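Here is the structure we will look at.
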Amino acid sequence: MADITEIQIEGKTYAIDDFELGELEWIEEEMDCPLDEISMSSMKAAVRFVYVIKRRDDPDFTLDDARKLKISIFAAPDEPKKPGAKRPTRAAAKSSG
């Protein structure tokens, strides 16, 4: 396989050897290429791996659910945040008075 030997999602590492053949076959079919040509730098591949992993615990989890997740799902739990990076927030509501 090209560059996929393991995938880290929500701080948990999944070895490619832990995937069922049917799961990997589905990913190949979705990507329309063999596994050794799939790169995790592809968001299309990332969505499909997240989908397969999340469905193990939640059979109702959908591809659209996977698409709605933030890229931070791949960050290690102890990975430092970039300096100066702030989470977007809404402006506080003004009180009338």
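Structure values in brief
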quantity: Any hit, segment 18-39, residues being at pLDDT below 90, within 23 Å of residue 76 (Cβ to Cβ) and among the hydrophobic types (A, V, I, L, M, F, W, C); calculated: no
quantity: Cross-chain or 6+ apart pairs with Cβ under 7 Å, segment 52-73 first and touching a residue at least 60 places away in the same chain (Cβ under 8 Å), then surrounded by 10 or more Cβ atoms within 10 Å (Cβ to Cβ) and assigned to a loop (DSSP other than H, G, I, E, B); calculated: 73/10
quantity: Whichever residue in segment 57-78 is within 17 Å of residue 13 (Cα to Cα) and in contact with a helix residue (DSSP H, G or I) (Cβ under 9 Å, 6 or more places away or on another chain) and, among such residues, is modelled with the lowest pLDDT; calculated: 74
quantity: Index of the failed condition, residue 7 passing every other in (1) modelled with pLDDT under 90; (2) aliphatic (A, V, I, L, M); (3) under 15 Å from the mean Cα position of the chain (by Cα); (4) part of a loop (DSSP other than H, G, I, E, B); calculated: (4)
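The values are calculated or read from the model by the stated rules, or taken from the named source; none is laboratory data. All of these numbers come straight from a predicted model, not from anything done at the bench. FYI the Cβ positions are ideal-geometry reconstructions off the backbone, even for glycines, and counts take in every protein chain you see.
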